[in-house]
Amino acid sequence: MEKVVVSIGGSILIPGDGDSSYIRELSQMLRSAVGDRCLMVVCGGGRISRYYSETGRALGGSTEQLDRMGIMITRVNAALLRVALGDIAVDGAPDTVEEAAGMCAEGRIVVMGGTVPGHTTDAVATMLAREVGASKVINATAVDAVYSEDPKLNPDAERYSELTVSQLAELVYSQHDAGNSSVFDPKGVRIATEESIDILIVSGRDLDDLEAAITDRPVKGTVVRS
Ligand code: UTP
């Protein structure tokens, strides 16, 4: 049974406008794409986790306290996606990648959020791929591909259709300033390098491209080869 891991950014899942229509369409696509695979979806925290993190920081919270609030929000987002998926979702909310791996079943979808403090859900998705022996992680994100710089800040930024994982590593380390999350968690990039896991970066708003990534068809986004 093929196991496919998708990391879906919280800002994609719940941008705060028309969320139920998007989540419904996403669920329908996942339902039709699953086939005889086991899909494993890791949900991010988005705007709501950022709210708790910023407010908690202003109140003097420690990094661990802020991370723990973030994890709770990612898990609520996972619960929301499970609601939309209905009976195709495996019943249960895994707290660890080991637990999620044990829940995998043919033609079903396992949904989880974060695990422990110290990383983001991109890293969780890569750890999950390592745990289940998946050859790729799909990152459904707010950009449609990896760029040399933030394309919103520099419209002339170069768009990459293919990168090696070491080229991605160089980009994420140079782009990772405080409060400005990079296109993929550096810890996830490190694990992908060590475990030879490919990373496919696609727009979470382009459900055709996300489906192409899941079903092994060519993508419009960036393929990062390990
Ligand atoms: P996200 O994965 O959504 O982080 O988790 P992010 O930085 O907002 O990621 P992008 O930009 O959407 O890709 C939200 C927060 O929850 C905590 C971290 O503080 C993270 O920033 N978290 C999440 C953990 O500490 N551990 C986890 O396993 C997951």
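The values are calculated or read from the model by the stated rules, or taken from the named source; none is laboratory data. Everything numeric here is computed off the predicted structure, so don't read it as measured data. Because the Cβ atoms are built from the backbone with ideal geometry, glycine has one as well, and the counts that use them run over all protein chains shown. Please note that ligands, DNA and RNA were not included when accessible areas were found on the heavy atoms of the full protein model with its side chains. Shrake-Rupley method; radii C 1.70, N 1.55, O 1.52, S 1.80 Å.
Observations on the model:
- Remark on the chain: Cys43 stand apart, with no other cysteine beta carbon under 4.7 Å.
- Estimated inter-spin distance, Ala157 and Asp208, nm [label 7 Å along Cα→Cβ]: 2.4 nm
- Over the range 141-226 - Rg/Rh using Cα atoms and the Kirkwood inverse-distance radius: 0.95
- Between amide H atoms placed 1.01 Å from N, distances below 5 Å from Asp198 occur with Lys136, Val137, Ser226, all of them 5 or more places distant or on a separate chain.
- Among the chymotrypsin sites (Phe, Trp or Tyr not before Pro) in the range 116-200, none is located in a DSSP loop while being surrounded by at most 16 other Cβ atoms within 10 Å of its own Cβ.
- Chain lengthening between Leu59 and Val83 when straightened (0.36 nm per residue, less Cα-Cα): 5.3 nm
- Cubic angstrom per residue, convex hull over Cα atoms of the range 46-93: 60 Å³
- Two-decimal Rg/Rh across the chain, once Rg and the Kirkwood Rh are taken from alpha-carbon atoms: 0.94
- Taking amide H atoms as placed 1.01 Å from N in the peptide plane, the amide H of Arg108 lies under 5 Å from those of Leu39, each 5 or more residues away in sequence or on another chain.
- A 1.4 Å probe run over the protein chains yields, for the chain, 47 Å² of accessible area per residue, whole-number rounding.
- Under 14 Å, Cβ to Cβ, from Ala78 - net charge with Lys/Arg +1 and Asp/Glu -1: -1
- Under 11 Å, Cβ to Cβ, from Ala123 - net charge with Lys/Arg +1 and Asp/Glu -1: +1
- For the range 141-146, backbone phi angles converted through the Karplus equation (6.51, -1.76, 1.60; θ = phi - 60°) give residue-by-residue couplings of 10, 7, 9, 8, 5, 8 Hz, Gly and Pro being listed as x.
- The range 72-207: relative contact order as a whole-number percent, Cα under 8 Å and 6+ apart: 26 percent
- Enclosing the Cα atoms of the range 6-69 in their convex hull gives a volume equal to 76 cubic angstrom per residue.
- Note on the chain: helix-only mean residue ellipticity at 222 nm, from DSSP H runs of 4+ residues weighted -39500 (n - 2.57) and normalised by residue number, equals -14000 deg cm²/dmol.
- Rounded to 5, percent antiparallel among DSSP beta bridges of the chain: 20 percent
- Of the GluC sites (Glu not before Pro) found in the range 37-133, the ones in coil according to DSSP and having at most 16 other Cβ atoms within 10 Å of their Cβ are Glu106.
- Surface composition of the chain: carbon plus sulfur atoms contribute 48% of the solvent-accessible area (1.4 Å probe, protein chains only, all chains present).
- Taken along its principal axes, the alpha carbon cloud of the range 80-182 reaches lengths of 45, 27, 25 Å, longest axis first.
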